[in-house]
Every structure is written in C-alpha cells, then in structure tokens.
Amino acid sequence: AALSAGNVEVAEKAAQNSISFAPSALAYEIQAGAALARLNRIAVSTTMPAAEAQQAYQASLSAGINAALTATKLSTSDYQAWLSLGNLYAQAVPLGVSGAYDSAKTAYDKAFALNPTNPQIPYIIAQLNIANKDNKAAKEDLKTAIALKQDFTTAIFLLSQLEVSDGNVKEALAAALAAAYFTPNEPNILFQVGILSAAQGDLTTAE
C-alpha cells in the first residue's frame, strides 16, 4: 500500500520488517519496486548534484537488482519477480551499461514463458528493444502483444509511431486506423490518422 501511494521509504522499511520475520519473494519484489521508484525519482531530480545523483542511482540500481534476483530464486515460477528483475536491468540500457539489455531480455523472456497470454509483457519487451535501438524487433513484439489483445490501443499506437519512424506510411496509417477504431475519441490517435492520411493524399479522411 505504501509503495502504491509513492511512500518509498515506508515501503522499504515495511518490506525489510517482513523479511526479518520470514523472507518471501513478494517482500523482495516490493523492495525491487521501491528501488525502481527511487531510480525514477533520482532521474527527474533537478536539485540533486550530478555526482550525488550518479552515486545514488548506482546504489539503488544495485540494491534493486539484488532484491529482484533474490525474489526469482525464492519463487522461480513467479512471473512478476522476473518482470521486476527485467525492469531494473532495463533502467541501465539507455545508459549503455554492458550486458544490461541481455539481462533484461532474459528476465522478460522468462516472465513471458511463465505467463504467455499476458499482452503487457511483449509490450514491455518492445519498449526494451526501442531503448536498445532495435525497431525491427520492437515491431514484432508489438504485433505479438496486439495478437493477444486486439484492442490494445497503446501497443497499436506505438506500432504506428515506429512505422512512421521507419518511413512506412501505409503500414503506420493501418495501425493508426486500428487504434482509432477502438478509441474513436482519443485526440492523439485521431491526429496521427489525420497526418498520415494527408501524407497518403487522402485529404477527406485527414479532415
């Protein structure tokens, strides 16, 4: 409850108290989630000196990964523990940390193998591949997510954006139209349809 409310320090203390009584995968997952929240807080801070922020970021990342690794060892079949581990490794991918992508991908693949009907997991993997500058792989992941949930508009819209970035206007428009079908009042999607329709010379649809 504390973590959901954004009270990172309270969540960490409560999880540690739980572990002191009986170590559990869930308690370590909460620690990993708290570390992830702390990383996000550090990343957006405008007041913390750069050197201090870097040190705090590295410490939180290390602590989070250790907690998530422990969770996967305590409950190897808990897909959420593997997701937690992947989420933490993924934080290091944009920083160019060696091995971070492979570690994150391995953890996410394990989570998906344990929960193969969850469309959110291939969507998360797509985001990882985008961070790794591999749009081709990301598009395949998004197609997998959409196949599992045909009205997954967030994934459809992201696929449309990737097609645009690759210069595939026709494919991008098809994806945007699919997203608009499921969310006909979403302004961002409608704007995308309008722009892409105009690029295809279809001014009537664009209007």
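The values are calculated or read from the model by the stated rules, or taken from the named source; none is laboratory data. Not measured: the values here are computed from a predicted model. Using ideal geometry, Cβ is built from the backbone for each residue, glycine included, and neighbour counts are taken over all protein chains shown. Quick note on the areas: whole protein, heavy atoms, side chains included, nothing else; ligands and nucleic acids left out. Shrake-Rupley method; radii C 1.70, N 1.55, O 1.52, S 1.80 Å.
Assorted remarks:
- Its Cα centre serving as origin, the chain has a Cβ charge dipole (Lys and Arg +1, Asp and Glu -1) of approximately 420 debye.
- Cut-off 14 Å between beta-carbons: net charge of the residues surrounding I125, Lys and Arg +1, Asp and Glu -1: 0
- Sulfur and carbon atoms: percent of accessible area, the chain [1.4 Å]: 55 percent
- Label of the coordinate-derived value, Cα Rg over 2.2 N^0.38 Å, listed as (i) 1.29; (ii) 2.23; (iii) 1.19: (iii)
- Reach of K13 by Cα under 18 Å, taken over aspartates and glutamates that are not fewer than 8 positions away in the same chain: E29
- The spacing between the stretch 11-25 and the stretch 84-108, judged by their C-alpha centroids, is 25 Å.
- Note that the chain presents 54 Å² accessible area per residue, ligands and nucleic acids not counted, probe 1.4 Å.
- Look at the alpha carbon pairs under 8 Å that are at least 6 residues apart: their mean separation over the length of the chain gives a relative contact order of 11 percent.
- Estimated vicinal HN-Hα couplings, Hz - the stretch 33-40 in sequence order (Karplus 6.51, -1.76, 1.60; Gly, Pro = x): x, 5, 5, 5, 5, 5, 4, 5
- Dipole moment magnitude, nearest 20 debye, the stretch 55-167 about Cα centre, only Lys, Arg, Asp, Glu C-beta charged: 140 debye
- Only one residue of Q127, A63, A147 has its Cα farthest out toward the positive end of the dipole of the stretch 50-163, where Lys and Arg carry +1 and Asp and Glu -1 on Cβ, and that residue is A147.
- In the chain, helices alone account for a calculated mean residue ellipticity at 222 nm of -24500 deg cm²/dmol, with every DSSP H run of four or more residues adding -39,500 (n - 2.57).
- Mean separation of Cα contacts under 8 Å (6+ apart) over length of the stretch 133-188, as relative contact order %: 30 percent
- Placing one equal scatterer on every Cα of the stretch 123-186 and applying the Debye formula, the log10 ratio I(q)/I(0) at q = 0.21 Å⁻¹ is -0.76.
- The residues packed around K73, meaning those with a beta-carbon under 13 Å from its beta-carbon, carry a net charge of -1 if Lys and Arg are +1 and Asp and Glu are -1.
- The HN-Hα couplings worked out from phi for the stretch 8-21 by the Karplus form 6.51 cos²θ - 1.76 cosθ + 1.60 (θ = phi - 60°) are 4, 4, 5, 4, 4, 5, 5, 5, 5, 4, 4, 4, 5, 7 Hz, whole numbers, x standing for Gly and Pro.
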